[in-house]
Each structure stands twice: as C-alpha cells, then as structure tokens.
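Notes for the one structure printed next.
Bear in mind that the values in this text are calculations on the coordinates, not laboratory data. Predicted, not measured: the structure shown is a model, and the values here were computed from it. Cβ atoms come from the backbone with ideal geometry, glycine included; neighbour counts cover every protein chain shown.
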Amino acid sequence: MRRKNSLLIPAALALSLCSISVVPALAESTEQTAQADAASDNVAGNSGAASESATENSDTATESAADTQDAAAASQDTPYEKGTISDTDFQSEWLNLKFTPPETVVMNTEEELQSVMQQGQSTLEESSGVELGEDALSGTVYEMMASSISGFPNVSLVVEDAAMENMTVDQYFLAAQQMLDATGMGYSYSDITEAQIGGQDFQVMETSVTVNDYEVLQKYCTRKQGGKFVSIILSYTTDTTTEADEILAAFTPLNTDTEAAPAE
C-alpha cells in the first residue's frame, strides 16, 4: 500500500519550487528587473482590604484567562473554511488573517494559482524523480498567492492536512528538507526560528538555493492549527529583502477582537 504522499512530500514544496521557476513568468508582460529575469528562468482593615482586593483581582484574572482559553478553544474547534481572494486582498475567518498587498504586489487569481500549482507538481516530479499520483496533493488547499510585478518577491499560503495526527512542525520541516535535497538543486537551510505574523506564532525555516547563478531565498513560515499545517511561503532575492519584509508585514489579524487559535 502506498504511503500518503503528503508525509514525505509536503504540498508546500510544489509551491516553493513554482515560486522559483514559474511565478516570475506571470510578470513577463510587465517590466522586470534584470535580477528577476535571471531568477525567473528556472507568528480586617488594610490587610483585609488588601486580601479582598487581591482575591478580586485573582478572580478577575482567572475569569479573564478562562475566557481567553475558551475563545482560543472555540477558534481552534471552528471547522475549516477556505478564505476568499479579491483583487485587493485575501481574508480568512478560520485563520483570522488578512493580507493587503503592498503597492507593487499583485494578488494572483484563483486560475493563476491553480495553473502555477499544476506546473509546480510537474517541476517537483521532474526534479526529484518522484512520480505523484492524482491524489498526491489531496487534503491540500492553496489559499492565496501574491507576486511583485517584477516576479520577486512572491508569497503564497497553503493549508494542508497533517499526514499523521501527532506530526510536529519540526517533523514537517524535516520532510520538506528531505524532498528538497532529493531535487539535487543544492538547497542550504538555517536553524528553525520563531516569528509572529499577523499576530500568530509561526516557526520559520529559511532556505537558499542558486538558480542560474542567482541566489533565491525562501522562508517557510509554518504553524499547526486544527490538525492542519498552515504555511506562508515567501520567496525573494538578496536585493528584494526590504520588499519581502513588507510582504510579511502585510499579513494582519482579520478581527482584532478574536483570539487566534493556539499553535499545536
């Protein structure tokens, strides 16, 4: 029996490979920088009063903590629902995230996103030598993608069912590294760090790979929520770091009065 592909082949990989060689091609009809062209080819008394006050404060804090925990639990138990893409932003109630693209970044349409993913799966098969069946990316939802008008930087967001219930983000990253290594493209990796994006906690794996003598950098920002892996994948170049930071800053809480689901 074939093992579920997503255990060994995180769906984020298809997006990451695409963002290196395919996404910049969407910008071919606009003016591109030479660097983008080169790369595009390939989260009682006073004491009594004091005691009473302390008790009241303690009760208040306890109630507040309980409310927060209840809200977080309710958020975590909310059934998954895909976010929505428009010409001007991306919104997700389940993720409690909103993305408003910076001035030089364009939201990709659903059609463009699906097209890129299909090409990414082909790229993954060709570079790794692993043949993916029709159900290889089942349980995976490509939420959004946005790209600079010059191709880099670009960002995508993927929600994927965990291949195994107890699988951790660290294990997910390990699986990603194994597959990236299998491409033979010479990826290098940073130590795993933590970051807040849109008020939520993410673990971050940074990678670097050279394509046509040009260095492409990527950040895999991943958290586990509701039994699913949520990944924000940012691809950029050494000369577009500022723009890449602006793109991550463009992710904000959709509802500031809603407690985000805790990372698992």
Check your understanding: Kirkwood-based Rg over Rh for the stretch 137-228 (C-alpha set), two decimals?
Key -> 0.96
Check your understanding: Near Ala244, within a Cβ-to-Cβ distance under 12 Å, what is the net charge of the other residues, with Lys and Arg +1 and Asp and Glu -1?
Key -> -4
Review point. Summing +1 for each Lys or Arg and -1 for each Asp or Glu, what net charge is found among the other residues whose Cβ lies under 9 Å from the Cβ of Pro102?
Key: -3
Exercise for review: Give a residue-ordered list of calculated ³J(HN,Hα) values for the stretch 146-155 (Karplus: 6.51 cos²θ - 1.76 cosθ + 1.60, θ = phi - 60°; whole Hz; x for Gly, Pro).
Suggested key: 9, 9, 5, 5, 9, x, 10, x, 9, 9
